[in-house]
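Visitor: Okay, handing you the structure first.
The values are calculated or read from the model by the stated rules, or taken from the named source; none is laboratory data. All values reported here derive from a predicted model rather than from experimental measurement. Note that each Cβ is placed from the backbone with ideal geometry, even for glycine, and that neighbours are counted across all protein chains shown.
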Amino acid sequence: MGRVAVLSSCVVGMAGMNPTPISRWDLTPWDLQLLLLGPIQKGILLHTPQIQSLILIDRLKNSLSRALDLFPPLAGRLSTTTNHDGTEAFFVDCNNAGVEFTHAVAAAVSISDILEPKYTPEVVYSFFPLNDMSNLEGVSKPLWGVQVTELADGVFIGCAANHAVIDGTSFWHFFNSWSEISRGLDTVSKPPIFQRWFPTSLGVGNLPIHLPPLEKNLCRSSDQSPFLERVLHFSKESLAELKARANSEAGTNKITTLQALSALLWRSFIRCHCEDEEPRFVIAVGARARIPLPEGYFGNAVYVVGTATSKHEVMKEGLGYAALKINDLVAQQSREASIKFLEDWAKNPKLYRSGSYCFSVTSSPRHNVYGNDFGWGKPIAVRSGNSQKFDGKMTLFPALEAGGIDVEVCLAPEIWEKMGDGADFLEIIS
């Protein structure tokens, strides 16, 4: 398949047209826990617009600059202060150092080359900026990057964001706002709120949070184990059947669609992969609705929880059992649990390290992916980059048609071969 050639790269700063006044943005435990991981990398595939290439690029740069006026932290850099006891405090210096903007071309790559293969072609990973870096490197590298890659018959807009600054909800919040400005709207539909949220129990005197000195080599992940990535599509109808089946088996009506789908994927993964007798299920929990935080809260508001059970029980008891385990885990994540995470983390900071969990579900099909109309039509697909990929990672996206879900599944090549024998897994994929 064709290669990607970079035509130009530059730094785009705020336009300066009535920018939001903010200079320093302290990081919360939700942010700090992600310092050693890689950036968020997600992008959209669109048809080719009926305008000249250079006009398109100028339009995207100008609208990006105007969007940054409303989101100053993304145009800044991470900064640190060293305290008298040797600890460090991290914050975003909203200094308008700018974001990275790259214009590239892959003239031999078509839309069908991306969407039709069984597995995601590796060329897709070269559609994204800010590769091979950790969030900690945001002290010197941009916190947001854009790569616009022109294809034979389409355009891919790939974006990368420092995950120690924003989560997936805020990632798509900015993406959506940028597209609104690009297509000519005078105001964005959801103004960002930059006020930081900390539990009152932490006390003002404990902010910002102090971290022990970080060894910079900790952010360098070990060699990535080989995996193949495949996007599995689940229709609205198949998901309804799956949810009904899970609830019927569990003798309840409280299992959600996402919990039933996660249980299906978890069981299939365990059957073909996990040698661990107590395989672990890990999921990112959103805290916005649990606290609750105001609409438009910008930054990170997620934490990770997991559950484990006997491999024998998961396989013996069926889909309903696994779905109920996940339902119980989610039900425990109350407002009190969300606050306790922050309080405990502030007392004993723990940073996530790059690597593989047994099974991990991330992102959300509720994100407004297909609302990103930059002025020439809505996206036709969404894909993610190579950052934080590992054998056993599942990334959820909304499907193009309403009510469906696309799951980006990363598994070792030999596991995919075993998966092919699982009728329970494949029969509902449409």
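Visitor: Could you grab me the full set of residues in region 146-169 that are surrounded by fewer than 24 Cβ atoms within 10 Å (Cβ to Cβ) and of a type in the set (G, A, S)?
Guide: A152, G154, G168
Visitor: Further question on the same structure: Does region 341-365 hold any residues that are basic (K, R) and modelled with pLDDT of 95 or more, and which are they?
Guide: Hits for region 341-365: nothing passes.
Visitor: Which residues, taken from region 282-301, are touching a Lys or Arg at 6+ places or on another chain (Cβ under 9 Å) and among the β-branched types (V, I, T)?
Guide: I291
Visitor: So which residues in region 283-307 are surrounded by fewer than 22 Cβ atoms within 10 Å (Cβ to Cβ) and of a type in the set (F, W, Y), if there are any at all?
Guide: The answer is Y297, Y303.
Visitor: Being closer than 20 Å to P39 by Cα and modelled with pLDDT under 95: is that true of E137 here?
Guide: The answer is no for E137.
Visitor: Looking for something within 23 Å of the chain's Cα centre (by Cα), aliphatic (A, V, I, L, M) and within 21 Å of F174 (Cα to Cα) - is there at least one such residue anywhere in region 109-125?
Guide: Within region 109-125, none of the residues are within 23 Å of the chain's Cα centre (by Cα), aliphatic (A, V, I, L, M) and within 21 Å of F174 (Cα to Cα).
Visitor: Within region 388-430, count every residue that is buried (at least 18 other Cβ atoms within 10 Å of the Cβ), in a loop (DSSP other than H, G, I, E, B) and modelled with pLDDT of 95 or more.
Guide: Of the residues in that region, 2 qualify.
Visitor: If H312 meets every condition in (1) touching a residue at least 40 places away in the same chain (Cβ under 8 Å); (2) over 30 Å from L74 (Cα atoms) apart from one, which number is that one?
Guide: Result: H312 fails condition (1) only.
Visitor: So which residues in region 7-39 are among the hydroxyl-bearing types (S, T, Y) and within 19 Å of A160 (Cβ to Cβ), if there are any at all?
Guide: S8, S9
Visitor: Right, another one. Answer with yes or no whether P279 is in contact with a strand residue (DSSP E or B) (Cβ under 8 Å, 6 or more places away or on another chain), modelled with pLDDT of 95 or more and more than 27 Å from Y125 (Cα to Cα).
Guide: In short, no.
Visitor: Also, I was wondering about something else. Name the single residue that is surrounded by the fewest Cβ atoms within 10 Å (Cβ to Cβ) among those in region 234-282 being in a helix (DSSP H, G or I) and hydroxyl-bearing (S, T, Y).
Guide: Restricting to residues being in a helix (DSSP H, G or I) and hydroxyl-bearing (S, T, Y), the top hit is S248.
Visitor: Select from region 1-24 the residues that are surrounded by 20 or more Cβ atoms within 10 Å (Cβ to Cβ) and at pLDDT below 95 and list them in ascending order.
Guide: Within region 1-24, no residue meets the criteria.
Visitor: Can you find a residue that is under 27 Å from S179 (Cβ atoms), touching a Leu at 6+ places or on another chain (Cβ under 6 Å) and assigned to a strand (DSSP E or B) anywhere in region 130-145?
Guide: Yes, some residue in region 130-145 is under 27 Å from S179 (Cβ atoms), touching a Leu at 6+ places or on another chain (Cβ under 6 Å) and assigned to a strand (DSSP E or B).
Visitor: Another question, if that's okay. Look through region 99-134, keep the residues that are crowded, with 21+ Cβ neighbours inside 10 Å and in contact with a Gly (Cβ under 7 Å, 6 or more places away or on another chain), and return whichever of them is farthest from L214 (Cα to Cα).
Guide: This residue is V109.
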